[in-house]
Amino acid sequence: MLFNWLKTRRERAIFSGPKRRFRPQARRHSYGASRRSKLLCLLPTTPAAQKTMLCLLVLVGLGYLFSQQQTAPLSNNQRQSLPALDFSKRSDVTAVSSSTPVLVNNSISSTAPVASSVTGNPLAERTIDAAPTPAVTTDEQVQAPEPSIFSPQVEYQIQKGDTLSGIFDRFAVGQQQMYQLLEADYALLALDTLMPGNLIKLWIDADSTLTKFEIEFDRSHQVVFTRAAEGYEVNEVIVEGDWLAKSIEVSIEGSFSGSAQKAGLSSALNQQIYNMFKDKLDFRRALRAGDTVRVLKQQQSIDGELTGNERLLAIEFEGRNWQHTAYLHDDGSYYDAEGQSLARAFLRHPFANDQRLSSRFNPRRLHPVTKRVSPHNGTDYAAPYGTAILAAGDGVVKRVENHPIAGKYVVIQHGGEYRTRYLHMSRIDVRRGQTVSRGQRIGAVGKTGRVTGTHLHYEFHIRGRAVDSLRAKIPMATSVNSDEKQQFLAKVNRYRTQMNEMLARQQGGTSELASTN
Ligand SMILES: [Zn+2]
């Protein structure tokens, strides 16, 4: 299976840049043709010489026919595109069409210009056929280098229909190692969120040990598993990058979502705005043609490339005689211009009654046996078996899973910034995609997965990071704290100014993105 994959990747390397590769040969071909036409001018003029010439031509002609029988028949097109005119390159051509996954590094290291066009990162050398170096014999570029111990042995892009065990089987990662990965992943549950398009990288040593495993969700988010004394250690890499502001003005014509999409608002933000205002605003009946929505958003950019991650800063609905607004405050919540919260407050505990705390949040917790850092990213409640678990806030059920370590669990997304997770449940009463409201029963306490006793492991995440649900600044109140009110109002003013300036500039046909604080 590994072999098959290498073959595919090799094919990808071969076909990803063929235009440049074949151009030099095409040129060589036309050069040969013009040389032949020059030969015609040297035809003999005396009869004797013409006879000799005729004999020679017949011999040459026979020889030509004979030689044609020796080679496979080719169409004219094929012959033109084949780099066969230059025999010194023949061996390289054979190497290209061969399916042997042996990569010859030496041939590359001798062609310095290729290496110099790739910066430091050894992984970047894979994308070598993108290098604009026509001077280097192009066939050699196909031999993508796989140098050094720093590159993963396997890189695979998740396809639709892939399963975790299918993937590990395919790359000959044993059951035990897979289980150890899942064990380490308990802290993040990243493996459960793999999506088609995500990239995984595997480092496998000579005796088939998976020494490192990396998931690249996108440029801003990677999870790295490293082989430790027993099992794996997991690390999450979150790259903040730059957040660039952009303003969009939506003019309502027909439905909100249609108008918003037309104005360039992604469906994710579209949905977020809808969820944010749906209690205040009847999207079907209250919106009329000519009403406007002004949005100030941020787009994440890493090394000058947009990642696709976006964040809403300000939203202003403006009808004929009404206005609804939302502004992002430092606590990650949205409030209107008066400082009133848009979302309802969260429950501190996902239970109707107080339950006994059995283990607190501790990102630096040491494993009692292995002594390696094994973060406890949640709060454990030793509630009796079957106790109802309640949604901590309004939201949408993002995941419903059954995990060998985490057991039956539920993930709820609350707006764009918050997420809660409930592990080891005995039963789940909600389904994926379902909208839930604060205090709604989502299931019951149990001991599924690998646990020592019945309990609920409850996690609270802000912007993708687990925080201590008992200590973090979670919106528990319905308005901005009075001591933060001035600061919040100043922020609202900054948002408004920025939005106005950007929209004015855009109407003048200039500038799209601007950096924000
Ligand atoms: Zn726990």
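Is one or more of the residues making up the range 400-415 buried (at least 16 other Cβ atoms within 10 Å of the Cβ), assigned to a loop (DSSP other than H, G, I, E, B), away from the ligand (no atom under 16 Å from the Cβ) and touching a residue at least 40 places away in the same chain (Cβ under 8 Å)? Break it down into steps so the answer makes sense when it comes.
Keep residues of the range 400-415 that are buried (at least 16 other Cβ atoms within 10 Å of the Cβ), which gives 400-401, 403, 405-415.
From the residues that got through so far, the ones that are assigned to a loop (DSSP other than H, G, I, E, B) too are 405-406, 415.
Now restrict to residues that are away from the ligand (no atom under 16 Å from the Cβ): 415.
Filter once more, so that each one left must be touching a residue at least 40 places away in the same chain (Cβ under 8 Å): 415.
Looking for residues that are buried (at least 16 other Cβ atoms within 10 Å of the Cβ), assigned to a loop (DSSP other than H, G, I, E, B), away from the ligand (no atom under 16 Å from the Cβ) and touching a residue at least 40 places away in the same chain (Cβ under 8 Å), one finds at least one in the range 400-415, hence yes.
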- Identify, from the list 437, 479, 469, the residue that is surrounded by 14 or more Cβ atoms within 10 Å (Cβ to Cβ) and over 30 Å from residue 239 (Cβ atoms). 479
- May I ask you to list the residues in the range 416-429 that are touching a residue at least 60 places away in the same chain (Cβ under 8 Å) and not in a strand (DSSP E or B)? 416, 417
- Message: Just to be sure I understand, how many residues within the range 348-374 are more than 10 Å from the ligand (Cβ to nearest atom) and buried (at least 18 other Cβ atoms within 10 Å of the Cβ)?
- Response: 5
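Each row is one residue, and each column tells you yes or no for (1) at pLDDT 95 or above; (2) more than 25 Å from residue 342 (Cα to Cα).
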{"site": "393", "(1), (2)": "no, no"}
{"site": "405", "(1), (2)": "no, yes"}
{"site": "418", "(1), (2)": "no, no"}
{"site": "433", "(1), (2)": "no, no"}
{"site": "455", "(1), (2)": "yes, yes"}
{"site": "458", "(1), (2)": "yes, no"}
{"site": "461", "(1), (2)": "no, no"}
{"site": "464", "(1), (2)": "no, no"}
{"site": "469", "(1), (2)": "no, no"}
- The lone exception for residue 253 - which of (1) buried (at least 19 other Cβ atoms within 10 Å of the Cβ); (2) closer than 23 Å to residue 507 by Cβ it fails: (1)
- Candidates 445, 430, 397 - the one that is more than 16 Å from the ligand (Cβ to nearest atom), farther than 27 Å from residue 240 by Cα, buried (at least 17 other Cβ atoms within 10 Å of the Cβ) and among the β-branched types (Val, Ile, Thr): 430
- Query: Which residues, counting only those in the range 376-394, are crowded, with 18+ Cβ neighbours inside 10 Å and within 13 Å of the ligand (Cβ to nearest atom)?
  - Reply: 376, 377, 378, 379, 380, 381, 383
- Among the numbered criteria (1) within 17 Å of residue 468 (Cα to Cα); (2) part of a loop (DSSP other than H, G, I, E, B); (3) of a type outside the set (Phe, Trp, Tyr), which single criterion is violated by residue 337? (1)
- Task: Determine whether residue 343 is touching a residue at least 60 places away in the same chain (Cβ under 8 Å) and either closer than 28 Å to residue 241 by Cα or among the small types (Gly, Ala, Ser) (or both).
- Result: yes
- For residue 351, which of the numbered conditions (1) outside the structural domain of residue 458 (by TED's automatic domain parsing); (2) modelled with pLDDT under 95 fails to hold? (2)
- Would you be able to say whether some residue in the range 168-188 is part of a strand (DSSP E or B) and either in contact (Cβ under 8 Å) with a residue 12 or more places away in the chain or over 21 Å from the mean Cα position of the chain (by Cα) (or both)? no
- Right, residue 421: within 18 Å of residue 346 (Cβ to Cβ) and not hydroxyl-bearing (Ser, Thr, Tyr) or not? yes
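The values are calculated or read from the model by the stated rules, or taken from the named source; none is laboratory data. Keep in mind it's a predicted model, so treat the numbers as computed, not measured. As a convention, Cβ positions derive from the backbone with ideal geometry for all residues, glycine included, and neighbour counts pool all protein chains shown.
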